[in-house]
Amino acid sequence: MSFLTAEQARTVTQPTKFGTRDIVFTGGRVSTLQSMISAGLPASMADKWAGILTVDNTYTPQGPLDPWYFPGHYVDDAANDEVVAFVRADVEKAVDLAIRWKVAGDPDDAAAVVRILTPWTTIQTITDDGESRLNWSNKWPMFLQAAMLVRDSDAYTEEFDTAMRA
């Protein structure tokens, strides 16, 4: 058995263009992914891509969560899991549709991302209780990533940009 260094593992598992710190797909990254899809993705990526292709772009968002409150996991793990699942239902679909928009270019996918994210821009209260701040810091960047991926679409309006910034 041989072990790889972290750098060697990244080289083996990630195309070079995907190995930078940017969370946004650049044109080069999109082209690389499109080429990889055409050539046949490795099994781990093929399963994820197949899942992305099945996401329904007519999905109606569940959110927003306002107040933004996550019970502490060690205080009430079932309630925490329920809230996490509620948020993830919307944000994961938004990210998947945003990736699909970047790769396949269907304007309905970009419009779905904006439709899913828009209600989440209305959050007025973020509590300090439980794990709310922790979950803000690790869930909201996913919302931002989805928005950033569709900012070159017609669905990404000035009004939506203002709402996301607010």
**OP:** Return the pairs, sorted by first residue and then second, in which the second residue is open to solvent by 40 Å² or more (accessible area, probe 1.4 Å) and of a type outside the set (Ser, Thr, Tyr), the first residue lies in segment 129-140 and is under 19 Å from Asp76 (Cα atoms) and without any contact (Cβ under 8 Å) to a residue 40 or more places away in the chain, the beta carbons are less than 9 Å apart, and the residues are 6+ apart or on different chains.
**Re:** Arg133/Ile126
Original post:
Can you name the residue in segment 19-45 that is within 18 Å of the chain's Cα centre (by Cα) and at pLDDT 85 or above and is also most open to solvent (accessible area, probe 1.4 Å) among such residues?
Top reply: Met45
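Residues are listed down the side, and each one gets a yes or a no for (1) at pLDDT below 95; (2) under 14 Å from the mean Cα position of the chain (by Cα); (3) among the acidic types (Asp, Glu):
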residue: Ala111; (1), (2), (3): no, no, no
residue: Gln124; (1), (2), (3): yes, no, no
residue: Asp128; (1), (2), (3): yes, no, yes
residue: Ser132; (1), (2), (3): yes, no, no
residue: Asn138; (1), (2), (3): yes, yes, no
residue: Leu144; (1), (2), (3): yes, yes, no
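Quick grid of which residues meet (1) free of Cβ contacts under 8 Å to residues at least 12 places away in the same chain; (2) within 19 Å of Met142 (Cα to Cα):
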position	(1), (2)
Thr26	yes, yes
Thr54	yes, no
Gln62	no, yes
Leu65	no, yes
Val103	no, yes
Pro107	no, no
Val113	no, yes
**OP:** Confirm whether Tyr74 is without any contact (Cβ under 8 Å) to a residue 24 or more places away in the chain, open to solvent by 20 Å² or more (accessible area, probe 1.4 Å) and out of contact with any Leu (no Cβ under 6 Å at 6 or more places or on another chain).
**Re:** yes
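The values are calculated or read from the model by the stated rules, or taken from the named source; none is laboratory data. What you see is a predicted model; the values in this text were computed from it and never measured. Positions of Cβ are generated from backbone atoms using ideal geometry, with glycine treated the same way; all protein chains shown enter the neighbour counts. All accessible areas refer to the heavy atoms of the entire protein, side chains included, with ligands and DNA or RNA removed. Shrake-Rupley method; radii C 1.70, N 1.55, O 1.52, S 1.80 Å.
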